[in-house]
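What follows is a set of notes on a single structure, which appears directly below.
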Amino acid sequence: MIPALALVLGVLAGLVFEPTVPVSLQPYLPIAVVAALDALFGAVRAQLDGIFNERVFVVSFVSNVLVAALVVFLGDQLGVGGQLSTGVVVVLGIRIFTNAAAIRRHVFHA
Amino acid sequence: MSIGRAQEPRRDGSMSLLVDMSSTALDPGYEEAARRNPASEGRHGRRSPAILLALTLIGLSTGVVAVQTRRDADKASSVRRALVADVQDRTRATDALSAQATTLRAEVSLVRRDALSKNAAGRALAAQVALLELVTAEVPVRGPGIVVVLEDAVSAERSASGDGRIFDRDIQDVVNALWAAGAEAISINGQRFTSLTAIRSAGDAVLVDLRPLASPYRVSAVGRVDTLEPAFVDSATARRFKTWTSLYGLGFSVTRQDALRLPAAPDPVLRHAVAVSPAPADPAPGSGGSS
C-alpha cells in the first residue's frame, strides 16, 4: 500500500510542481522512464511470485535507467540514435508486457 | 510466449532472441537471491526507504516527462501557427503589390499612348504596340468566341488508372486545336494564355503556370465565331473528345458566346528595352502647313 502511495505521490508531484529538466538531459528522460517502469513491473511480479528482494530491485532499477540512457547517448554520438532508441523501447516494451501478463495471471487467476 | 516455452529445446535459433527476452523479463536476480537465502525477504522489505525513494523517483520522472511532452507539443503547434500567419501576411502583401503593379502599368500605357500621339511616326509605333499587346496577352480582350468545357467523369465512373480524369495533355490538345482553328486569345478558368504559358500535371491537379485548376475546365477562345467554331469542332481533337464522352464519361461541350471577356496575363516580365529618340511634334493643326 505504502509503496503504491509513494508512486502516486511522485506522479502528482511531477505534474503539479513541473520541475524543469536541464536541457542536456531532456532527450534521455523518456527512455529512462520506460526503463524504470520495466524495473518496476519486474519488482511487482517478483513480489507476487514471493521472491522479491530489495537489493535486486534497487540495483536493477538504477542499472536499467543508466544503461538505457547510455545506449541512447551512444547512439546519438554514432548517428543511429533514433534506431537504437527504437530498439531499446521495443525490448523494454516486450519485457513490460510479459511481466504485466504474469501479474495479471496472479491477480485475476486468469 | 510463456515461461514454460523457454524450456523446450528449439531447433532453429531464430526465435531465441524473443524467447530470451520474454523468459528473462523477470530479472533472474530475484530467483538467484531467493535461492541463496530463501528465508529472508517477506513483507517488511517492501517499506524500506530505498524502495520508497525509488518509487517516488519513478513517479516524479513519469510526471515530469508527461509535462515536458505536452509543453513541447504546445511549442511546436504555436511555431506552426506563427509560420501560417506569416505566410498569410506575405501573400496579402504580394497580392497588394501585384494589384498596384497592374494599376501602374495601366497608367504607363496611357502616358505612352499620349506621348506617341504627337507625330505620325509615333502613331504608327502606337498602332504596332497595340497589336503586339493584343497578341502577347498584355491587355484584356473582349469579343465574341466559343467556350469549350472539359469535365472529369463523375467519380463513380472513374477507374483506378485515372481514365475518367482530364490530364494536362488533354488541355494542351484542346488549346493547340483552338489556336490552329483561328482563336485570337484563349483563357482557361479565368487565366489568360500567353506564348510562354505551361500546362502541367502535378499529382491529381492540373497546373497552368504553377496555379492549380480544378474540373470543370472552361476554355474561352475569342475569335471569328463562324470560322472558329466549325474549324474546331471538325478538328481531330474535338472528334476524339466526343468519342471519349461516351467511352469514359468525360464532359465535353462547345458553345458560342457573344461577349467574352478575357483578362490580361498577369505580371509580364521586361527583358529588353531600346530608347526611342524623341522626334519633333507635328505642328498644331490651325497654324498652317499640311498635317
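Readers should treat all values here as calculations from the given coordinates under stated rules, not as data from a laboratory. Since this is a predicted model, take the numbers as computed values, not measurements. For neighbour counting, all protein chains shown are included, and Cβ atoms are generated from backbone atoms with ideal geometry for every residue, glycine included.
Could you please rank A:94, A:2, B:166, placing first whichever residue has the fewest other Cβ atoms within 10 Å of its Cβ? Present the calculation step by step, with values, prior to reporting the outcome.
Values: A:94 16, A:2 11, B:166 24.
In increasing order of surrounding Cβ atoms, one gets A:2, A:94, B:166.
Among A:38, B:173, what is the fewest-to-most ranking by other Cβ atoms within 10 Å? Write out the running numbers ahead of the final one.
Working: A:38 24, B:173 17.
Listing A:38, B:173 from fewest to most nearby Cβ atoms yields B:173, A:38.
Please average, across the residues of A:57-68, the number of beta carbons from any other chain that are within 10 Å of each residue's own beta carbon, and give a whole number. Each step should come with its number before you reach the end.
Working: counts 12, 5, 2, 3, 6, 2, 1, 1, 4, 0, 0, 0.
Across the residues of A:57-68, the mean count of other-chain Cβ atoms within 10 Å is 3.
Can you tell me the length gained on complete extension of the stretch residue B:80 to residue B:48, counting 0.36 nm per residue apart and subtracting the Cα distance? Present the calculation step by step, with values, prior to reporting the outcome.
Working: separation 32, 0.36 × 32 = 11.52 nm, distance 4.86 nm.
Stretched fully, the residue B:80-residue B:48 segment lengthens by 6.7 nm.
Hand me the trypsin sites (Lys or Arg not before Pro) from the range B:186-277 located in a DSSP loop with no more than 15 other Cβ atoms within 10 Å, in residue order please.
Details: sites: B:192, B:200, B:218, B:224, B:239, B:240, B:242, B:256, B:261, B:271; in loops: B:224, B:271.
Those satisfying the criteria are B:224, B:271.
Under 5 Å between amide H atoms, partner at least 5 residues away or on a different chain: which partners does residue B:257 have, H built in plane at 1.01 Å?
Those qualifying (amide H under 5 Å, at least 5 residues apart or on another chain) are B:145, B:146, B:147.
Please report B:210, B:116 as a ranked list, fewest other C-beta atoms within 10 angstrom at the top and most at the bottom.
Details: B:210 8, B:116 18.
Starting with the residue having the fewest Cβ neighbours, the order is B:210, B:116.
Considering only C-alpha atoms, what is the centroid distance from the range A:1-28 to the range B:168-227, in Å?
64
Run the helix sum for chain A: -39,500 (n - 2.57) per DSSP H stretch of 4+ residues, divided by residue count, reported at 222 nm to the nearest 500 deg cm²/dmol. Show your work: numbers first, answer last.
Values: 4 runs with 90 residues, N = 110.
Result for chain A: -28500 deg cm²/dmol, rounded to the nearest 500.
Which length gain, in nm to one decimal place, applies between residue B:200 and residue B:270 when the Cα-Cα distance is subtracted from 0.36 nm times their residue separation? Provide the component values of the computation, followed by the final result.
On the way: separation 70, 0.36 × 70 = 25.20 nm, distance 2.45 nm.
Stretched fully, the residue B:200-residue B:270 segment lengthens by 22.8 nm.
Against the longest principal axis of chain A, how steep is helix A:54-78, in degrees 0 to 90 to the nearest 10, with axes from Cα atoms?
Taking Cα atoms only, the helix is inclined about 20 degrees.
Taking Cα pairs under 8 Å and at least six residues apart, what relative contact order does chain A come out at, in percent?
After rounding, I find 31 percent.
I need the shape label for chain A. Rule: rounded when a/c is under 1.5, else prolate if a/b > b/c, else oblate, with a, b, c from the alpha carbon gyration tensor. Write down the numbers at each step before the final one.
Details: a/c = 2.18, a/b = 1.42, b/c = 1.54.
The shape class here is oblate.
Tell me the angle of helix A:81-108 to the major Cα principal axis of chain A, expressed in degrees between 0 and 90 and rounded to the nearest ten.
10
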